[in-house]
Amino acid sequence: MRTLIRGVRLFNGTSTLPDVDVLIVDDLIAQPDGRPADVEIDGTGKTLLPGLIDAHTHVSDGMLAQALTFGVTTELDMFCMPGNLARQRALAAERDDVADLRSAGVLATVPNGHPSQIMAAGAEVLASLGDAIGPFDTIAEAGQAKAFVEARLSEGADYLKIVIDDGCTAGLNLPVMEPEVVAALVEAGHAAGLKSIAHVATAHDTLVALEAGIDGLAHVFHHSEPGDPSVADLAARIAAHGAFVITTLTYIEKIAQDPAGAELVRDERIAARLSDRYKAVIDRDHSAA
């Protein structure tokens, strides 16, 4: 199949070209060669750009299709149960009208650690989105790291997510992973070819993650205590370490009860593309906040 998009404004990731022809042969972009196309699309007045990547999601039924309505062609899932992951992977592999998927599968947390309290409190909401809730693997000691990583590999995980969060920013006092366990997980993940991503909430959590050799942060930290490094100093440490940061700023605004946290989903350009089911979940979530 040869598809030719004519006269489109093209953003290629680094620069913008105002008026170009783009040829797609089967599933590859090719150089226009003057041969006739099976399908021609007039791109006048339109913009073509690479698919977007949503770097922090928790995938559930319908979300991979929903993602495409926003131009998102790849979802990076940060925690879902094995049965749900297998179902979503099969969907992504079999259909071209849903986003692609990469996933951490079951995240690494200590027994009764974050996000156990969220899953217990939000079981009804999560179930309504198609994610069956039940017991999941946890890790308590450094000696369990290799087995934990092997279990994630058997589920098809693409990377490892590690939770370092005692819930203090939400007024909770949860069990939290010890630094030596974090380091053991990062080491075991790297040995298995998996990058490690840390869920952090505080400056202290961030330091623990960096000292363990983490590859990236699943949230930017949003809390510090006296004696912690300044924001500028910690940002410099993150940069020097070479870690990437998935900021999730809208999420942080929400949990900090900043009214700006609701602005994104109230924006008609966003709301118009949401299904009634997701609107209901968002409305319920904000009503309870």
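Projecting the Cα positions of LEU194, LEU174, ALA232 onto the charge dipole of region 164-289 (unit charges on Cβ atoms of Lys, Arg, Asp and Glu, taken about the Cα centre) puts LEU194 furthest along the positive direction. Accessible area per residue was computed with a 1.4 Å probe on protein heavy atoms; MET63 scores about 40 Å². Normalised by the number of residues in the chain, the mean separation of alpha-carbon contacts (under 8 Å, six or more apart) gives a relative contact order of 11 percent.
Taking the 0 to 90 degree range and rounding to the nearest ten, how far is the long axis of helix 145-154 tilted relative to the main principal axis of the chain, both from C-alpha atoms? On a 0 to 90 degree scale, this one is about 30. Label separation (SER230 vs GLU40): 6.2 nm, computed from points 7 Å beyond Cα along the C-beta direction. Note on the chain: helix-only mean residue ellipticity at 222 nm, from DSSP H runs of 4+ residues weighted -39500 (n - 2.57) and normalised by residue number, equals -9500 deg cm²/dmol. Ordered by 1.4 Å accessible area with all protein chains kept, ARG273, ARG6 run largest first as ARG273, ARG6.
Computed from Cα positions, the angle between helix 82-94 and the longest principal axis of the chain comes to roughly 10 degrees. What angle do you read, to the nearest 10 degrees and between 0 and 90, between the alpha-carbon axis of helix 179-191 and the longest principal axis of the chain? Tilt relative to the chain: about 40 degrees. The dipole here belongs to the chain: it is taken about the Cα centre, uses +1 on the Cβ of Lys and Arg and -1 on the Cβ of Asp and Glu, and is about 440 debye. The residues neighbouring ALA65, those whose beta-carbon lies less than 10 Å from its own, together hold a net charge of -1 under the Lys/Arg +1, Asp/Glu -1 convention. Distance between the 7 Å Cα→Cβ label points at ARG273 and GLU211: 4.2 nm.
Comparing THR14, THR247, THR206 in a Gaussian network model of the chain where C-alpha atoms under 10 Å apart are linked, the largest mean-square fluctuation is found at THR14. Return the percentage of antiparallel bridges among DSSP beta bridges fully within the chain, rounded to the nearest 5 %. Here the antiparallel bridges make up roughly 30 percent for the chain. Put +1 on the Cβ of every Lys and Arg and -1 on every Asp and Glu Cβ in the chain; which of ALA55, THR16, VAL72 then has its Cα farthest towards the positive end of the dipole? Looking along the dipole axis, the top candidate is THR16. Using a probe of 1.4 Å, the accessible surface attributed to HIS204 totals some 110 Å² when neighbouring protein chains are kept in position. Heavy-atom accessible area with a 1.4 Å probe sorts MET119, MET1, largest first, into MET1, MET119. For THR248, the solvent-accessible surface computed with a 1.4 Å probe is close to 30 Å², ligands and nucleic acids excluded.
Select from PRO226, PRO50, PRO82 the residue whose mean-square fluctuation is largest in a Gaussian network model of the chain (Cα-Cα springs shorter than 10 Å). Checking each option, the largest mean-square fluctuation is seen for PRO226.
Annotation for region 23-39 versus region 246-278: alpha-carbon center distance of 39 Å.
The values are calculated or read from the model by the stated rules, or taken from the named source; none is laboratory data. What you see is a predicted model; the values in this text were computed from it and never measured. Please note: Cβ atoms are built from the backbone with ideal geometry, for glycine as well, and neighbour counts cover all protein chains shown. Please note that ligands, DNA and RNA were not included when accessible areas were found on the heavy atoms of the full protein model with its side chains. Shrake-Rupley method; radii C 1.70, N 1.55, O 1.52, S 1.80 Å.
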